[in-house]
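Derivation of every value follows stated rules applied to the coordinates shown; laboratory data play no part. Keep in mind it's a predicted model, so treat the numbers as computed, not measured. Glycine also receives a Cβ, built like all others from the backbone with ideal geometry; neighbour counts cover every protein chain displayed.
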Amino acid sequence: MPQLRPGPISYSRSITLTLTHDCPWHCRYCGFRSDGEGLLSEDSLNTLLLSARQQRAREALLISGEHPDQLPHIKKELHARGFTDFIDFASYVARRALDSGLLPHGNYGALNLEQLLRLRPTHVSMGLMLENIEDLPDIAPEKRSSGRLKTLTAAGQAKIAFTSGILIGLGESLESRFRSLDALARSHREYGQLQEILIQNFIPNHASSLPPDCPIPGLQDYFDLISYWREICPEVPIQIPPNLNPHWRELLPYVDDLGGISSHRDEVNPLNPWAPPQHYQDAAHAAARDLQERLPIYPSHHHSAWLDPALIPMTF
Ligand code: SF4
């Protein structure tokens, strides 16, 4: 059994800006990707930013498929709209979010150091799930954990506060989950970039086609992973997404954060909407804890070493 956590459990009041669902890869668990949708339009961006103000969101979660500008139609649209590449577009959307009083957290798949450095001036933090240290070619044919670890390293070199984590329930070995946590802890020991990790479970969606015999993680699996992370990297908080995890109430005493909560749909898991924050507040109270709003930059990284100087005044 993991140790009980003292103090409140946190969440971020967020809104998701999906820059594009289009993705050249074909992960068999993905309910997010599309093939020909194109980029977020100016009209949709304006509507979402207005809605964010009405919801009093602080975080703009900017997401996309991986390497979308490898797709010819995306490249063409970027150029037609005056952007040099996808990073230029992501920086523009993040700047619009900042101008609306939101703090951008970007997750655009694997990126290199040069791309991360270009995004740093408009993003208070970024993220990329390691998912698993082992490649799963039958499940995610194009994804490579080596590329994801390189992004994690580059985020540390670029001094970007970073969220990562593992994805479980894909048929991966139990042992690989612990080795994945080892890899995250190793990278954090070297660069200090992790502000939190997610222990996230796969749940089926309208497009997923995993083998039917993939075991579903049980409560003890979460307890074992949480306990292990506390041993190897006690300073980095653990997030679980309550709209995805069937054991979230039982896990409340042991974790630190519930992630972004929005009244819009979960774009990555559209079949699993969040409840209003009050629902999670009541559950936290039942677990003898309080629910506290946080920013998309954690206190551990909320200073000049990890934030572009121009962003610091906006984070208070
Ligand atoms: S999980 Fe990510 S990389 Fe894989 S298909 Fe979906 S959007 Fe693309």
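Note on the stretch 117-145 and the stretch 154-168: Cα centroid distance 9 Å, given to the nearest whole angstrom. Within the chain, which whole H helices from DSSP have a Cα span along their axis of at least 24 Å and a mean Kyte-Doolittle hydropathy of -1.0 or more, if any? Correct list, ordered by number: 174-191. Listed by Cβ neighbour count within 10 Å, with the fewest neighbours leading, Val268, Val236 appear as Val268, Val236. Rounded to the nearest 20 debye, the dipole size of the chain about its Cα centre is 660 debye, using +1 on the Cβ of Lys and Arg and -1 on the Cβ of Asp and Glu. For the chain, the relative contact order comes to 25 percent (Cα pairs under 8 Å, sequence separation of at least 6). In whole angstrom, the stretch 87-182 maps to an equivalent ellipsoid with semi-axes of 28, 13, 12, each derived as √(5λ) from the alpha carbon gyration tensor and ordered largest first. Here the dipole of the stretch 151-221 is about 280 debye; that uses its Cα centre as origin and unit charges on the Cβ of Lys and Arg (positive) and Asp and Glu (negative).
When the Cα centres of the stretch 178-212 and the stretch 30-47 are compared, how far apart do they sit, in Å? Using only Cα atoms to place each centre, the spacing works out to 25 Å.
Restricted to Cα atoms, the chain shows a radius of gyration and a Dmax of 18.4, 56 angstrom.
Dividing the convex hull volume of the alpha-carbon atoms in the stretch 61-103 by its residue count gives 65 Å³ per residue. Each of Gln281, Pro242, Gln292 was scored by the projection of its Cα onto the charge dipole of the stretch 10-309, and the greatest displacement toward the positive side belongs to Gln292; charges sit on the C-beta of Lys, Arg, Asp and Glu.
Over the chain, dividing the summed -39,500 (n - 2.57) contributions of all DSSP H runs of at least 4 residues by the number of residues returns a 222 nm mean residue ellipticity of -10000 deg cm²/dmol.
State the answer as a single residue: which of Leu170, Cys233, Leu119 lies farthest towards the positive end of the charge dipole of the chain, with beta carbon charges of +1 for Lys and Arg and -1 for Asp and Glu, about the Cα centre. Among Leu170, Cys233, Leu119, the one farthest towards the positive end of the dipole of the chain is Leu119.
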